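Below is one structure, written out as structure tokens; the observations come after it.
Please treat every number below as a calculation from the coordinates, not as lab data. Predicted, not measured: the structure shown is a model, and the values here were computed from it. With ideal geometry, Cβ positions are generated from the backbone for all residues, glycine too; neighbour counts draw on all protein chains shown.
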Amino acid sequence: MRYSRAEYAKMLAAQQTLASAEEDYQRLRAAYVEVARTEPGHEVALAMIGADMDRAHAHLQALIGLPRMPFTHDPSKAPQQDAEHDQAQEESA
């Protein structure tokens, strides 16, 4: 299938936007896991990073085309579990 220049430019822009949104989400997720692992008592930082991560996740879902759904899982739960798992592994080692 051949694309016109305009269609190809739109497709490339969409791919770059999606990649940027994914990088933002992964960067915030890594920051959340790092803070949860190194400073688990710093609840304000975890809440702020978690809120930013939730917004980045919602933006990523909107770009992919998933509908906004109420009562979906909280995406900040998974990184918190990852941090707890990493901490448990370090303690057992």
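Descriptive notes on the structure:
- A Förster radius of 22 Å combined with the Cβ-Cβ distance from Y8 to H59 puts the calculated FRET efficiency at roughly 0.35.
- Computed label-point distance, nm, for sites D86 and E34 using a 7 Å Cα→Cβ extension: 0.9
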